[in-house]
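Please see the structure below; I have some questions.
No lab work stands behind these numbers, since they all come straight from the coordinates. Note that the coordinates shown come from a computational prediction; the quantities given were computed from them, not determined experimentally. In this analysis, Cβ positions are derived from the backbone assuming ideal geometry, glycine residues included, and neighbour counts consider all displayed protein chains.
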Amino acid sequence: MDLLRGLAQAFSFDSRSGSDAFLQAIIETTPECIKVVAPNGDLLHMNAAGLSMIGSDSWDRVAGACTFDLIAEDHRDDWLKHHDRVCSGERLGWEFDIISLDGTRRHMETHAVPIELDDGRIGQLALTRDVSARKAAENSLQTLNNELEQRVQERTAQLQNTLQRLQDTESNLALLIDSVSDYAIYRLDPDGNVQSWNAGAERIKGYNAEEIIGKNFSTFYTAEDLANGRPQFALKSARKEGRFESEGWRVRKDGTRFFASVVVDAIYDAGEFVGFAKITRDITEKREAEAKLRQAQKMEAVGQFTGGAAHDFNNLLSAVLGSLELLRKRLPQEDVRAKALLENAVEGAKRGASLTQRMLAFARRQDLQQQPVDLAASIYSMQELLNQLIPANIRIETSIPRALPHALTDPGQLETALLNLIANARDAMPAGGAIRISARPAEVCTPEGQDLTPGNYVCLTVEDEGEGMDEATLARVTEPFFTTKGVGKGTGLGLPMVDGLAAQSGGRLVLRSQLGTGTAVELWLPVAYQDEEMTSQSQPVLTTESLHQKSLKVLAVDDDALVLMNTAAMLEDLGHIVVEATSGKQALQILAQEAIDLIVTDHAMPGMTGLQLVEAVEKLKPETPVILATGYAELPSHGARQFIKLDKPFLQSELSDAVTRAALQA
């Protein structure tokens, strides 16, 4: 029995001019499988989409085959149970796996109704779609998992409700098509005027049938596409090639835009061209999710590069600052010009160190000393410094309650972040105005966009009355090295540093801005509780006596020759005997042969990292103290004993303090 005629008979379809051709076009072009199955499981009818799903290139290969043989073994009992119920008169929807002819396993979703066959038996008429891609998308885009799950449930409920209302009348087939709410399916006459309209079209585009039937489908196109003749091109291509597929922006009734995937097929009746079948799907969410994923991957890659570059730059600055310090001691006091040049070089190196800290902050690798911070006391203590930062035509207004809970963050980094925000607000108001600093407690009960976990927070806000930013600028301001300031007036690392501080502290950065109305920056920080374990560790008290240690034999380890030479020179200048090693392996060989009082090692070394060296020293000579010099804030977990951490780049005085603390621990 012919599938088209069988369906028309099953639903008592009253044929009208062109309707059979339109139905045929819908059946053969829809992405869902439409099939008829006998009570014993024999496959009686299947459209082109169904044949493609099971991997068959023609109907002759599968005509009369048992559908049951295509069902995956672990799904057969469930499928047979549902099939028997449908053949008993029920209308059902369920999911199952099939094994296609080429051995591929596919996950299917089906909705079935009973149908009377030519021989009087009751079989199954099913609408089935391949949802394997949906399963894969759920795994790769975890952020959309809940939304996709909800849409599947809603889709199932819609189809079940629609199928329950189906009756053996000529409206049954139209209702079946109308139940596909994820797709806009409608017919156009040869000139592109809308002739039919389903529920999916109304949901996606906002027009009901009375509002749109008779109007041209170009109504849905943007002004740009209309000017470029895109609607006419689509119809011309479909008429010439038989099918036209594209993606692009479309316009709803309310004027909002959505990104659509469009298929237009030419319809012929007895060889005569009668119009087009058009299927549209809203893929805005999918497109946005893919864009967010690409942006996240891009920022992750930039963060890794920035962190690595900052680490290498820290090594260079360590050598520069250390050498300048040693050179300062050797310059004649009367050589004023040379001393001035030296101090200028030191200042430049310190600025470079500050820049690397901002880069590490963006990459979320700076060393945070988190502790409870009284925002009110901290900001009020900075008032004089903030006033020096702004010109006379700008005023700072502060509104912070004294009873505000303490925030958990690094107080020094927070002050730097606030100075950055005030400087940005100042630069945005060349004509003057007010900068408002405020803070409030806030509670988050549910996860907000995966940025904040539920809990109590303090929201610090810096708001200006400046020029503001457009959407394109606002979307990029937290990207590293992006700046709206002139050449030499900004590094593009201010807001990325604040964003990194917020993220490392367990909070988030929120920006709101409009052109001409100013900008508001919110820094959300978690509330610090009294029983919270602080990351900062107490340091031993350094007395005058402890600073004058005896000469030690120090093993200096670093794979960078410049840094190693600089570290050794500073240690020797402090009166210690230095043995050098360019790798962890060489350091262990020296340690096994010589008496070493102290080890000063870099962390990021090939072959054996500094932490791995610490663990090896623990086994070989556990009494030997270790100083680990690194530019990274977060080190991998380790099972070794505690060590002294020395942040790069370091001054000779900081190295001396670290040596003293290590000697006290020995």
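Could you state the orientation-averaged shadow area of the convex hull built on the Cα atoms of the stretch 371-526, in nm² to one decimal? All intermediate terms of the calculation are to be shown ahead of the outcome.
Working: hull surface 36.3 nm².
The directionally averaged projection comes out at 9.1 nm².
What full-extension length gain, to one decimal in nm, is calculated for Glu397 and Ala376 as 0.36 nm per residue of separation minus the Cα-Cα distance? Don't skip to the end; give the middle numbers.
Values: separation 21, 0.36 × 21 = 7.56 nm, distance 1.30 nm.
That works out to 6.3 nm of additional length.
Between Asn387, Val498, Ser399, whose Cα lies farthest towards the positive end of the dipole of the stretch 371-526 when Lys and Arg beta carbons carry +1 and Asp and Glu beta carbons carry -1, centred on the Cα centre?
Positive-most Cα among the choices belongs to Asn387.
Holding the Cα-Cα limit at 19 Å, pick out from Lys215/Lys253; Lys205/Lys236; Lys329/Lys553; Lys329/Lys645; Lys585/Lys648 the pairs that are longer than that.
Details: Lys215/Lys253 13 Å; Lys205/Lys236 23 Å; Lys329/Lys553 23 Å; Lys329/Lys645 26 Å; Lys585/Lys648 22 Å.
Over 19 Å Cα-Cα: Lys205/Lys236; Lys329/Lys553; Lys329/Lys645; Lys585/Lys648.
So if I place +1 on the C-beta of Lys and Arg and -1 on the C-beta of Asp and Glu, and nothing else carries charge, what would the dipole magnitude of the stretch 371-526 be about its Cα centre? I want it in debye, nearest 20.
The dipole magnitude comes to about 200 debye.
How big is the stretch 553-665 by Rg and Dmax over its Cα atoms, in Å?
Both quantities, over Cα of the stretch 553-665: 12.5, 34 Å.
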